[in-house]
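Take a look at the structure set out below.
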Amino acid sequence: MLRGAVTGIAVALTLLASAGSPARAETAAPVRHVVLMGVPGLRWSDVSPAATPHVWGLARRAAIGLLSIRTVGTLTCPGDGWATVSAGARSAAGPYCHRPVDVSPSGTGAVVEDVGPIRRRNAGFGVVGLLGDAVHRAGGRTAAVGPGAALAAADSHGRVDAYVPGVAALPAPKWWARSAVTIVDAGTVAGPDRATAAHRADAAVGTVLARLPADAEVLVAGIADDGRTPHLRVVLATGPASAGRYLGSDSTRRADMVILPDLTATMLARLGVPYPARLIGTPMLPDAARPAPLAAAVRDLRAQDVAAQTDRGLIPRFFAAFVVGQLLLYGSAALALRRRWAERRRARILAVTRLTALVAAAVPVSTYLVNLIPWWRGGHPLPALIAGIAVADALVVAVAAAGPWRRRVLGSGTVIAGCTAAVLGADLLTGSRLQLDSLMGYSPLVGGRYYGMGNIGFAVLATSTLLAAAGVAQWIEPRHGRRAAVAAVLAMTLTAALLDSWTTWGSDFGGLIAFVPGLATTALLVSGRRVGFLRLQLLRAAGMALVLGVAYLDHLRPPARQTHMGRFFGQLLDGDALPWLERKFTAMVRTFGNPTLLPIVVAAFLFLLLVLHRPGRAGASGLQLAYDRAPMFRAGLSGAFVTALVGGAVNDSGIAVPALALAVAVPLALAATITALQTSEAPAPPAPSSPRLTPQPTDA
């Protein structure tokens, strides 16, 4: 059976080998001049016809979108932004974060003496000077206006072919015509008087636009943060078929969002310069048509920044409340299960505890379902978000607790687990819209992911899929036999594993490594076989091999279309993967000191061992009773725990993976335990009139 499972995955990978990212329009024919105007701090709330008339006018004939500027720190300073444009990958400016680099004039150009130290500081991250080197290798010239722009345009030796210190010193139009790439520092929008700063930067943009060659293509980007709060920034780009459209890229797989390294890739692509191997970004391309007039599109982009800000502000309080809620659930459930109550009162307490457990288990899927409605577009996004989660949770629990399955040990839990897995699976198939700005998804302000499956989402998906598969197997086995039950488990779990790992959908590097041992554990236990330590290690190795196979197939695609999985495989081949692995390992280890998630892990394990599994005063283990009435439940829980432990070890989110897995699995285990106790304590049915005994069916 195990051999069949591995073979099934391999066949699926082969069939999908030609699959890639969604098809996008190709870049237009090369142009002669590309100009990037960086405006650190600029966001769409600063842009309006009155406050920034030049930027607004340019936006009318350009594609517009949101720019995620996260580099290597929580905040991106102007120096980090310019260094990232230079490298085409996330980079840091170090001591030049908030002070300009030293620029020494050299003929009509200049030399940035500080490029060397910045390059050494970014060893293992981006290659500062990559943009300038690529343009020079292609025979082109670079130009810069301002010291920050000089850092972005300089090659690895710090050379810039043409340089002026500021917009006020701009020379005649012929100065522009000699350079393929020109980068302009148009000023920072920051401070208490943002309107004045934005108007000043807009005037600089207008000055540049008045001097550009007619055939130049223009990019404007808010390349850095301006204070202590990260935001999504302005980005726009002119070019063929750009007017009236949103601006996206394959880096985010979003119709209206790009990342900072995409600016570098776009400039090189517009010039027809070969794509450097260490460049992480992908060319920005006009994507979906935007609403008319322009004001409607700008309101939409502003609202998305509001969503990101609301999500960012609520996450710490949400997880604190989530942890407290879990601990209260475990404490009250321990009291309800282990204390002697009067019969009628005990029945009510068990019913309330079971309902509370189902509500807790439905919280994760509710945080995704709420994004089906645009809660961020109203005047009160935070109350709308909280209310939406509560309504979604109530609806899921109502379905789980109201159907004919509610009297079965695994009935209601299987519905919630199946609903959770189905929502996440459908989200991956449709572009992972629900995970972005979800409390249990990922944020563009953090910049860890913009599409596919995040680590927390993986924990929720894997646990829910394995428990739902166990519930389905419990229903199938007495009706169609054990082989049919095993086939159902493999079909459900392999589908989820492929959705999670394949680059077109989930693109989750560590997910398949963790998923394979868990799904195989569940399938083996459903088939009646044991899972030993050696077999478990072989399954982990199989998961690693499959992940490397997916990464290899991704690596075969052109560099501009590779995901992080294909780029990692290239780093393995080049021997450059060690710094990346060290950062992942360090991040994973640090999570074990997380004061929010660690209590969930400890409390959930203690609750399982000391309350659900340990015999209580009634003389029987409630969890064992659930296992006896629904034997497949043990298989689902075992597989979920194996996946959680392996996932915590191979993902940089570390303890977050088992914490969220337990937060889903333990409430469902509690609900199953209480259902088993309720059915065992229910009054016996009247004896049949015939002396012949009627056998009692097992739970399915």
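The values are calculated or read from the model by the stated rules, or taken from the named source; none is laboratory data. Just so it is clear, the model here is predicted, and its values are computed rather than measured. A quick note on method: Cβ atoms are made from the backbone with ideal geometry, for glycine too, and the neighbour counts reach across all protein chains shown. These area figures cover heavy atoms from the full protein model, side chains too; ligands, DNA and RNA do not enter into them. Shrake-Rupley method; radii C 1.70, N 1.55, O 1.52, S 1.80 Å.
In summary, M453 fulfils each of the numbered conditions (1) hydrophobic (A, V, I, L, M, F, W, C); (2) open to solvent by 10 Å² or more (accessible area, probe 1.4 Å); (3) outside any helix (DSSP H, G or I) with the single exception of condition (2). Could you look through region 178-224, keep only residues that are farther than 22 Å from T71 by Cβ and of a type in the set (S, T, Y), and pick out the one that is surrounded by the fewest Cβ atoms within 10 Å (Cβ to Cβ)? Among those residues, the one meeting the criterion is T196. Looking at region 390-400, can you tell me whether even one residue there is open to solvent by 30 Å² or more (accessible area, probe 1.4 Å), farther than 20 Å from C419 by Cα and either among the polar types (S, T, N, Q) or without any contact (Cβ under 8 Å) to a residue 60 or more places away in the chain (or both)? Scanning region 390-400 turns up no residue that is open to solvent by 30 Å² or more (accessible area, probe 1.4 Å), farther than 20 Å from C419 by Cα and either among the polar types (S, T, N, Q) or without any contact (Cβ under 8 Å) to a residue 60 or more places away in the chain (or both).
Of the residues making up region 657-691, those that are modelled with pLDDT under 85 and either closer than 20 Å to F319 by Cβ or not in a helix (DSSP H, G or I) (or both) number 10. Note on region 24-40: among residues that are farther than 14 Å from P286 by Cβ and part of a loop (DSSP other than H, G, I, E, B), the one that is modelled with the lowest pLDDT is A29. Please tell me if S464 is in a loop (DSSP other than H, G, I, E, B) and among the small types (G, A, S). It is false that S464 is in a loop (DSSP other than H, G, I, E, B) and among the small types (G, A, S). Screening L434 on (1) buried (at least 24 other Cβ atoms within 10 Å of the Cβ); (2) within 18 Å of the chain's Cα centre (by Cα) shows it passes everything except condition (1). Here A143 meets each of (1) within 27 Å of A50 (Cα to Cα); (2) at pLDDT 95 or above; (3) outside any helix (DSSP H, G or I) with one exception, condition (1). Residues in region 549-561 that are open to solvent by 30 Å² or more (accessible area, probe 1.4 Å) and at pLDDT 70 or above: Y552, L553, L556, R557, P558. Listed conditions (1) open to solvent by 10 Å² or more (accessible area, probe 1.4 Å); (2) closer than 23 Å to V103 by Cα; (3) within 36 Å of the chain's Cα centre (by Cα) are all met by G227, apart from (2). Restricted to region 640-650, and to residues there that are open to solvent by 10 Å² or more (accessible area, probe 1.4 Å) and out of contact with any Lys or Arg (no Cβ under 7 Å at 6 or more places or on another chain), the residue that is farthest from Q624 (Cα to Cα) is V650. Of all the residues that make up region 253-268, how many are crowded, with 24+ Cβ neighbours inside 10 Å and outside any strand (DSSP E or B)? Looking only at that region, the number is 9. How about region 418-433: which of its residues are touching a residue at least 60 places away in the same chain (Cβ under 8 Å) and out of contact with any Gly (no Cβ under 7 Å at 6 or more places or on another chain)? Selection gives T420, A421, G425, L429, G431, R433. Across region 283-300, the qualifying residues are those that are open to solvent by 20 Å² or more (accessible area, probe 1.4 Å) and in a helix (DSSP H, G or I), and the one among them that is farthest from G57 (Cα to Cα) is D300. Contact annotation: residue pairs with Cβ atoms under 8 Å, 6 or more positions apart or on different chains, pairing a residue in region 666-693 that is farther than 25 Å from L328 by Cβ and open to solvent by 10 Å² or more (accessible area, probe 1.4 Å) with a partner that is modelled with pLDDT under 85 and assigned to a loop (DSSP other than H, G, I, E, B), are T679/D699; P688/T694.
For region 66-101, the set of residues classified as of a type outside the set (A, V, I, L, M, F, W, C), without any contact (Cβ under 8 Å) to a residue 24 or more places away in the chain and closer than 24 Å to A162 by Cα consists of H98, R99, listed by residue number.
Quick test for you: out of R634, R590, pick the one residue that is modelled with pLDDT of 80 or more and open to solvent by 30 Å² or more (accessible area, probe 1.4 Å).
Result of the check over R634, R590: R634.
Given the criteria small (G, A, S), out of contact with any helix residue (DSSP H, G or I) (no Cβ under 8 Å at 6 or more places or on another chain), at negative phi and at pLDDT 90 or above, does A295 qualify? The answer is yes for A295. Among the residues of region 363-375, are any outside any helix (DSSP H, G or I) and under 21 Å from A303 (Cβ atoms)? The answer is yes; a qualifying residue exists. For T238, the test of being in contact (Cβ under 8 Å) with a residue 60 or more places away in the chain, over 20 Å from L130 (Cα atoms) and open to solvent by 20 Å² or more (accessible area, probe 1.4 Å) is failed. Restricting to region 311-339, name every residue that is within 19 Å of W376 (Cα to Cα) and surrounded by 18 or more Cβ atoms within 10 Å (Cβ to Cβ). Hits for region 311-339 are D311, F318.
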